[in-house]
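The values are calculated or read from the model by the stated rules, or taken from the named source; none is laboratory data. Bear in mind that the values here come from a model prediction, so they are computed numbers and not experimental data. Cβ atoms come from the backbone with ideal geometry, glycine included; neighbour counts cover every protein chain shown. Just the protein is used for accessible areas: all its heavy atoms, side chains included, with ligands, DNA and RNA removed. Shrake-Rupley method; radii C 1.70, N 1.55, O 1.52, S 1.80 Å.
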Amino acid sequence: MPKLKDYLSKSLKEKYKSQDYELAFDKKAKEFLIDKGFKKEFGARPLKRALIEYVDDLMVDTVLDGDAIKEVKLTVTHRKGKDNLAVKIPKSV
């Protein structure tokens, strides 16, 4: 699974880096995405859909709402008991 975790975070990190956003995934977010995006019968194929549904949509909303700050590390995390992800944004820049 380590390669899969690296793959899932690398593709989106590169996408948002090109837009001057630094994106990171904590361990809880990676585990959540593996759980949602890896199915034994399909392997990792559903992972791309999970990335779009849980991360890309979240980041689009975060950027459009004006909450994301360029060149500041934004950490994607999962909060216990929730069926979605959240973005941690530093309070002071």
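Structural remarks
- Selected residue (only one of Leu51, Leu23 is surrounded by 16 or more Cβ atoms within 10 Å (Cβ to Cβ) and not in a helix (DSSP H, G or I)): Leu23
- Met59 satisfies every condition listed in (1) in contact (Cβ under 8 Å) with a residue 12 or more places away in the chain; (2) open to solvent by 20 Å² or more (accessible area, probe 1.4 Å) except (2).
- The number of residues in region 68-91 being open to solvent by less than 100 Å² (accessible area, probe 1.4 Å) and either over 23 Å from Glu31 (Cα atoms) or without any contact (Cβ under 8 Å) to a residue 12 or more places away in the chain (or both) comes to 5.
- Across region 35-48, the number of residues qualifying as open to solvent by 70 Å² or more (accessible area, probe 1.4 Å) and assigned to a helix (DSSP H, G or I) comes to 2.
- Check on Lys39, under 20 Å from Pro90 (Cβ atoms), of a type outside the set (A, V, I, L, M, F, W, C), in contact with a Pro (Cβ under 8 Å, 6 or more places away or on another chain) and without any contact (Cβ under 8 Å) to a residue 60 or more places away in the chain: no
- Within region 1-20, the set of residues being at pLDDT below 80, surrounded by 13 or more Cβ atoms within 10 Å (Cβ to Cβ) and either among the aliphatic types (A, V, I, L, M) or not in a helix (DSSP H, G or I) (or both) comprises Leu4, Leu8.
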